[in-house]
Structures are given as structure tokens and as C-alpha cells.
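Novice: The structure follows.
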Amino acid sequence: MSGKPRIAIVGAGNLASALAVALYGAGYGIDQIVSRGPAASLRRASRLAGEVSASAVGASRAQIRAEVVWFCVPDAAIAEAAESLMGAADWRGKVAVHSSGALTSDELAKLRELGASTASVHPLMTFVRGSRPSLAGAPFAIEGDAKAVRAARAIVLNLQGQPFAMRKKDKEAYHAWGMFASPLLTALVAASERVAVAAGVSRNAARNRMLPILHQTLANYERLGAPESFSGPIARGDVETVKKHLRVLREVPGAREVYIALARAALRDLPAKNRSVLDKILKA
């Protein structure tokens, strides 16, 4: 494709909103925001379309002229959404991509059969309501047909993202990695808040008081890597302190299990003293 292709986006959720605004800001024309669902979905599509000078249309009425169609719908809906749009365009020569982290470009097989080149293009980023992150600097895992991969790489580079190749067979492990990097990290800080309550600190106060140490931990990790960033009683081999933690955490439902799982992971992956003694305590 020469120049910047026009793009249609299917979906209007958190990812679609961040992507559409980023594409528009990078000089891409957004033809349509295609809504799959009921009136509420179309209203969201209309609001997003207004931000990026596009039109909003329901899937049943879509007539797609854009060269690139980007599916930003839940994983379980990708194949169905693609099938619903089979008659909405002449797919020969078009590029169709989706943004699932766990699923491959084969989810768009129906459109490939009609002549489209397909790819999966997943930003390693978190998208939640009330936040619209920049995609500059974000890694994008890309796999699929050669033409679609080339087009996707060019788009990601224009977004100032970092494209990298992903094999189909590695998608599930890749997505599990992303799960550790953000959703499970959020689960960890949520468990930390419950432990703070056991220490007499409210959840809101705990969040504010944890931020400095969280920020510094990430700064250390960025600069030094995991082994050199690891601190605390396990790193020091402080057996008695770990015993005290395990004892008090019996009073915090679920937190003790999280502590043990993460402590055992630390013994496996990070520098620690008194490793064998700590391992026995944690197994017991």
C-alpha cells in the first residue's frame, strides 16, 4: 500500500477508542466505526466517530471502502464479526487485522477466503474505562499473511509503537506473559490492600502509601533488571520474619496463598539466602 491507507474500525470499546484516536492523530483517515451490537454500542460508536471525523454504522448496514479493517472486539466475537461483514466489502486486496493477544490471524479465515490478507496485531498495553493510554512506545506483536504483516508494521511504526514478529504457536504463551505483566499485577496490589487493612490502614490510604515503593520498584526493574531489584526478607534469608508473615496472614483470607505462591516463585527465580530452609517453611 502506498501512502497511508484509510482504516475502518470494528468495535468502539476501550481498545478501539485508544487506537482510533492514535491513528487519527498519526494522520490516518478513519472511514467508519462499525458497531456490532445494540443501540448502546451504536451510541458509543457515534461518540468515537465524532472524535475522529468518521461515520458510525451498524454491522448490518456497513459498506466498507477502507483498505484496512481493524477488528477491536472481544476474542470470542472476532470470527462472528468477520463473518457478519463478509458481504460488506469486496475483500480482494484488503487487509483485515484483529487485536487479540491469544488468538491468531486464522480467526479471520472467512475474509482470507474472500481475498483479504489477514494478521493479528496485539498491543502489549492495558486498556480500561476512564484511561486512554498513548500507544507511542508500546510493543505490538504481529503475525499473519505477509502483506498484512507489512501493512501492520508500517501502521505501528507511524504510531511510534514497536512492532515485533510473533509465531502462531506462541500466541497463548505470549498472552499469558501479558497477563502476568498487568492484570495479575493489579490482582497483587489488590491483595496488598487487604493486607494493609489487616494492619489498620484503609484501602484508599494503602493505595496512596504504596505508590512510592511501587514506582521505585518499577524504576529499579527498568534500570537494573529483576535480580538486582529484589529486596526484603527472602533476599536476606530472614527465616523468622517470613514465619511471622505466614502466621499473621492466616487472618487475611486468600492473602497467605498469594504470599506463598510469590515467595516460592522468588526462591525459584531470584537471589535468596537460606533457600532450602525457606522452601521447607513455605511448603509446610
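The values are calculated or read from the model by the stated rules, or taken from the named source; none is laboratory data. As the structure is a prediction and not an experimental result, all values here were calculated from the model. Because the Cβ atoms are built from the backbone with ideal geometry, glycine has one as well, and the counts that use them run over all protein chains shown.
Novice: Could you check the stretch 210-251 and list, in sequence order, the residues that are hydrophobic (A, V, I, L, M, F, W, C), touching a residue at least 12 places away in the same chain (Cβ under 8 Å) and either exposed (fewer than 14 other Cβ atoms within 10 Å of the Cβ) or not in a loop (DSSP other than H, G, I, E, B) (or both)? Full working, then the answer.
Specialist: Within the stretch 210-251, the first condition is being hydrophobic (A, V, I, L, M, F, W, C), and the residues that meet it are 210-211, 213-214, 218-219, 224, 226, 230, 234-235, 239, 242, 246, 248-249.
Checking which are touching a residue at least 12 places away in the same chain (Cβ under 8 Å) leaves us with 210, 214, 226, 230, 234-235, 239, 242, 246, 248-249.
Met210, Leu214, Ala226, Ile234, Ala235, Val239, Val242, Leu246, Val248, Leu249 - these are the residues of the stretch 210-251 that are hydrophobic (A, V, I, L, M, F, W, C), touching a residue at least 12 places away in the same chain (Cβ under 8 Å) and either exposed (fewer than 14 other Cβ atoms within 10 Å of the Cβ) or not in a loop (DSSP other than H, G, I, E, B) (or both).
Novice: Within the stretch 107-121, does at least one residue satisfy the condition of being buried (at least 18 other Cβ atoms within 10 Å of the Cβ), within 17 Å of Leu159 (Cα to Cα) and at pLDDT 95 or above?
Specialist: Scanning the stretch 107-121, I find at least one residue that is buried (at least 18 other Cβ atoms within 10 Å of the Cβ), within 17 Å of Leu159 (Cα to Cα) and at pLDDT 95 or above, so the answer is yes.
Novice: Go through the stretch 240-267 and report how many residues are touching a helix residue (DSSP H, G or I) at 6+ places or on another chain (Cβ under 9 Å) and farther than 26 Å from Val201 by Cα.
Specialist: Qualifying residue count, the stretch 240-267: 3.
Novice: Do we have Ala136 as on the phi < 0 side of the Ramachandran plot and surrounded by fewer than 18 Cβ atoms within 10 Å (Cβ to Cβ) here?
Specialist: So Ala136 passes the test.
Novice: Another question, if that's okay. Name the single residue that is surrounded by the most Cβ atoms within 10 Å (Cβ to Cβ) among those in the stretch 252-284 being of a type in the set (Gly, Ala, Ser) and in a helix (DSSP H, G or I).
Specialist: By that ranking, first place goes to Ala263.
Novice: A further question follows. Please go through the stretch 92-106 and pick out each residue that is closer than 22 Å to Ala138 by Cβ and crowded, with 19+ Cβ neighbours inside 10 Å.
Specialist: Val95, Ala96, Val97, His98, Ser99, Ser100, Gly101, Leu103, Thr104, Ser105 - these are the residues of the stretch 92-106 that are closer than 22 Å to Ala138 by Cβ and crowded, with 19+ Cβ neighbours inside 10 Å.
Novice: Now, a different point. Looking at the stretch 30-38, is at least one residue hydroxyl-bearing (Ser, Thr, Tyr), over 21 Å from Gly144 (Cβ atoms) and surrounded by fewer than 21 Cβ atoms within 10 Å (Cβ to Cβ)?
Specialist: No, there is no match, as no residue in the stretch 30-38 is hydroxyl-bearing (Ser, Thr, Tyr), over 21 Å from Gly144 (Cβ atoms) and surrounded by fewer than 21 Cβ atoms within 10 Å (Cβ to Cβ).
Novice: Against the condition outside the structural domain of Tyr24 (by TED's automatic domain parsing) and farther than 25 Å from Ser35 by Cβ, how does Ala176 come out, does it pass?
Specialist: Taking the combined requirement at face value, the residue satisfies it.
Novice: Determine which member of the set Ser53, Ser2 is at pLDDT below 95, more than 20 Å from the chain's Cα centre (by Cα) and assigned to a loop (DSSP other than H, G, I, E, B).
Specialist: Ser2
Novice: Further question on the same structure: Within the stretch 199-215, is there a residue that is over 30 Å from Ser100 (Cα atoms), basic (Lys, Arg) and in contact with an Asp or Glu (Cβ under 7 Å, 6 or more places away or on another chain)?
Specialist: yes
Novice: Another one. Can you find a residue that is out of contact with any Gly (no Cβ under 8 Å at 6 or more places or on another chain), under 20 Å from Ala119 (Cα atoms) and touching a residue at least 60 places away in the same chain (Cβ under 8 Å) anywhere in the stretch 27-47?
Specialist: Yes, there is a match, as at least one residue in the stretch 27-47 is out of contact with any Gly (no Cβ under 8 Å at 6 or more places or on another chain), under 20 Å from Ala119 (Cα atoms) and touching a residue at least 60 places away in the same chain (Cβ under 8 Å).
Novice: Please go through the stretch 177-201 and pick out each residue that is surrounded by 12 or more Cβ atoms within 10 Å (Cβ to Cβ), assigned to a loop (DSSP other than H, G, I, E, B) and free of Cβ contacts under 8 Å to residues at least 12 places away in the same chain.
Specialist: Across the stretch 177-201, the qualifying residue is only Val201.
Novice: Of the residues in the stretch 42-78, how many are over 25 Å from Trp91 (Cα atoms) and surrounded by fewer than 18 Cβ atoms within 10 Å (Cβ to Cβ)?
Specialist: Total meeting the criteria: 4.
Novice: Tell me, which residue of the stretch 75-99 that is in contact (Cβ under 8 Å) with a residue 40 or more places away in the chain and assigned to a loop (DSSP other than H, G, I, E, B) is nearest to Glu172 (Cα to Cα)?
Specialist: Ser99
Novice: Looking only at the stretch 117-137, how many residues end up being assigned to a loop (DSSP other than H, G, I, E, B) and under 22 Å from Lys169 (Cα atoms)?
Specialist: Final tally of qualifying residues: 2.
Novice: Could I ask something else about it? Mind checking whether some residue in the stretch 36-52 is closer than 28 Å to Tyr174 by Cα and either touching a helix residue (DSSP H, G or I) at 6+ places or on another chain (Cβ under 6 Å) or not hydrophobic (A, V, I, L, M, F, W, C) (or both)?
Specialist: So far as the stretch 36-52 goes, yes, one or more of its residues are closer than 28 Å to Tyr174 by Cα and either touching a helix residue (DSSP H, G or I) at 6+ places or on another chain (Cβ under 6 Å) or not hydrophobic (A, V, I, L, M, F, W, C) (or both).
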